[in-house]
Amino acid sequence: AALTTSDSGHCTAEEAFASEDASEESSLLSSEEEDSENGGDIREELTKPLQVSSGQKLKSENLIDETSDIEDLLKEEDDYKEENNYSIETSGALKWKEDLSRKAAEAFLRQQQATPNLRKLIYGAVTQDNE
Amino acid sequence: MATQAHSLSYAGCNFLRQRLVLSTLSGRPVKIRKIRARDDNPGLRDFEASFIRLLDKITNGSRIEINQTGTTLYYQPGLLYGGSLEHDCSVLRGIGYYLEGLLCLAPFMKHPLKIVLRGVTNDQVDPSVDVLKATALPLLKQFGIDGESFELKILRRGMPPGGGGEVIFSCPVKKALKPIQLTDPGKIKRIRGMAYSVRVSPQMANRIVDSARGVLNKFIPDIYIYTDHMKGISSGKSPGFGLSLVAETTNGTFLSAELASNPQGQGAAVLPEDLGRNCARLLLEEIYRGGCVDSTNQSLALLLMTLGQQDVSKVLLGPLSPYTIEFLRHLKSFFQIMFKIETKSCGEELKGGDKVLMTCVGIGFSNLSKTLK
């Protein structure tokens with residue numbers, strides 16, 4: 001099984017063989033499924049390094065490059081997004097600390113306008129000048 | 001008091017009583033023009049003329065000038081003299097109208113005032129004598145006006161339109177008033193009332209008591225409503241009935257409400273049950289407004305604070321009545337006193353409506369008329 005796989009490098013044949021082997025083994029060993037599965041796994045493990053040889057390697061490298069590029073892009077995007085999120089979060093977390101004095105002044109004025117100035121209502125605008 | 005200050009000038013018939021009382025206390029002459037000048041029946045009304053006559057009786061050396069139509073009044077106050085007096089009040093207004101003025105002036109007389117007032121003791125417009133007795137007298141006591149002779153007594157009850165009531169009011173004189181610090185009204189401790197009936201079935205008063213208790217019993221157990229049925233000459237000239245309720249707090253604040261039946265021949269007949277129930281609800285409304293002084297006596301408290309020693313006085317009031325607001329303006333023009341007014345919202349504590357904390361420094365008014373012994 002190991003020899004056949006080295007020749008082709010194509011996944012289909014290997015898979016066919018593997019499936020055949022599996023069927024053979026399963027028929028031979030009959031009962032225990034666990035053993036057969038384990039054997040299959042071992043074979044696959046053996047074949048994999050051989051697969052990654054000639055043309056496939058280039059392809060895979062290309063793929064890897066592409067994927068890495070995408071990953072980089074994604075990463076950049078992710079980073080970008082994360083940075084954005086980070087900035088938003090931090091600004092949100094610390095927003096209440098910004099312009100505290102101005103906010104206090106606004107709150108004071110709001111309070112002043114909300115509560116009627118009885119003194120002014122009773123005595124008129126003259127009191128404002130006096131004050 | 002006798003010093004000649006420049007006179008103040010006003011137009012219109014509103015707040016005539018306030019202006020005359022403050023003029024008397026400050027010694028500043030006052031000129032009031034255009035009193036109902038455009039009315040079909042121009043000039044001063046009978047009850048206002050009667051009030052001016054009363055002022056003339058209790059003072060010495062007042063100069064009062066009224067023009068022919070009664071639309072212009074010039075009043076130059078004299079010294080507050082006091083003594084034993086009698087006065088027939090106009091039946092158009094209650095005795096409360098005159099008594100409110102006297103309560104402001106009586107502590108500053110030369111001689112202690114002892115006056116018999118005749119007229120309408122209970123009507124639908126003015127605070128009744130019962131309410132003033134239950135709320136204004138304890139308030140004056142807070143300012144240090146007290147003594148054996150300090151009393152207000154109903155000798156006869158008179159209802160409009162006929163009148164025929166009689167009360168006796170006597171008040172000691174004080175050289176100076178104590179400053180007050182009333183900022184916590186406390187909680188309602190008991191409710192007292194007076195259900196009166198004159199020239200109608202005595203059962204009316206009992207029916208009023210039953211319906212009023214029906215409302216109030218849910219809130220407090222300590223309720224007692226007296227029934228007062230006067231007969232014969234003590235019952236005045238007109239039939240009627242009514243109820244006055246007073247709630248006392250743990251800190252000695254008195255809050256009042258009252259209702260009276262429609263005068264004979266005016267308006268629909270009032271059921272005593274409805275009157276009792278509505279009066280009890282009015283008392284609940286007054287308790288909701290709260291404060292350390294009843295809304296009918298707000299202006300009296302503010303006046304006595306103004307006239308107090310040169311010390312800080314504080315009082316927590318419920319929402320200011322329009323009468324009190326105008327009174328504050330008059331206090332400013334006659335005594336140059338402006339109050340510090342702070343709103344106190346009682347939203348969290350669930351103690352009723354918003355309150356107003358009034359603070360002022362007294363002008364250090366001392367009773368110059370009083371003879372030193």
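The values are calculated or read from the model by the stated rules, or taken from the named source; none is laboratory data. Since the structure is predicted, the reported quantities are computational estimates derived from the model, not experimental observations. Here the Cβ is made from the backbone with ideal geometry for all residues, glycine too, and neighbour counts use every protein chain on show. The protein model used for the area step is the full one, side chains on, heavy atoms only, and it has no ligands, DNA or RNA in it. Shrake-Rupley method; radii C 1.70, N 1.55, O 1.52, S 1.80 Å.
Restricting to strands (runs of 3 or more DSSP E) lying wholly in region B:306-367: which have 2 or more residues that are more than 30 Å from B:VAL30 (Cβ to Cβ), within 10 Å of chain A (Cβ to nearest Cβ) and open to solvent by 40 Å² or more (accessible area, probe 1.4 Å)?
B:340-344
Determine whether region B:274-282 contains at least one residue that is more than 18 Å from B:SER128 (Cα to Cα) and either of a type in the set (A, V, I, L, M, F, W, C) or without any contact (Cβ under 8 Å) to a residue 60 or more places away in the chain (or both).
no
With respect to B:SER7, is the statement that it is open to solvent by less than 60 Å² (accessible area, probe 1.4 Å), of a type in the set (S, T, N, Q) and touching a strand residue (DSSP E or B) at 6+ places or on another chain (Cβ under 8 Å) true?
For B:SER7, the condition - open to solvent by less than 60 Å² (accessible area, probe 1.4 Å), of a type in the set (S, T, N, Q) and touching a strand residue (DSSP E or B) at 6+ places or on another chain (Cβ under 8 Å) - is met.
Do you know which of the residues in region B:30-46 that are part of a loop (DSSP other than H, G, I, E, B) and surrounded by fewer than 18 Cβ atoms within 10 Å (Cβ to Cβ) is nearest to the chain's Cα centre (by Cα)?
Checked region B:30-46; the qualifying residue nearest to the chain's Cα centre (by Cα) is B:ARG36.
Can you name the number of the only condition in (1) of a type in the set (A, V, I, L, M, F, W, C); (2) surrounded by fewer than 21 Cβ atoms within 10 Å (Cβ to Cβ); (3) modelled with pLDDT under 95 that B:VAL116 fails?
That leaves (3) as the condition not met.
Here are some residues: B:LEU102, B:LEU92. Which one is open to solvent by less than 10 Å² (accessible area, probe 1.4 Å) and more than 22 Å from B:GLY252 (Cβ to Cβ)?
B:LEU102
Out of the residues in region B:230-258 that are part of a strand (DSSP E or B) and within 18 Å of B:GLY119 (Cα to Cα), which is most open to solvent (accessible area, probe 1.4 Å)?
B:MET230
Answer yes or no as to whether B:LEU137 is at pLDDT 95 or above, surrounded by fewer than 20 Cβ atoms within 10 Å (Cβ to Cβ) and not assigned by TED's automatic domain parsing to the domain that holds B:LEU243.
On the way: at pLDDT 95 or above: yes; surrounded by fewer than 20 Cβ atoms within 10 Å (Cβ to Cβ): yes; not assigned by TED's automatic domain parsing to the domain that holds B:LEU243: yes.
When the stated conditions are applied, B:LEU137 passes them.
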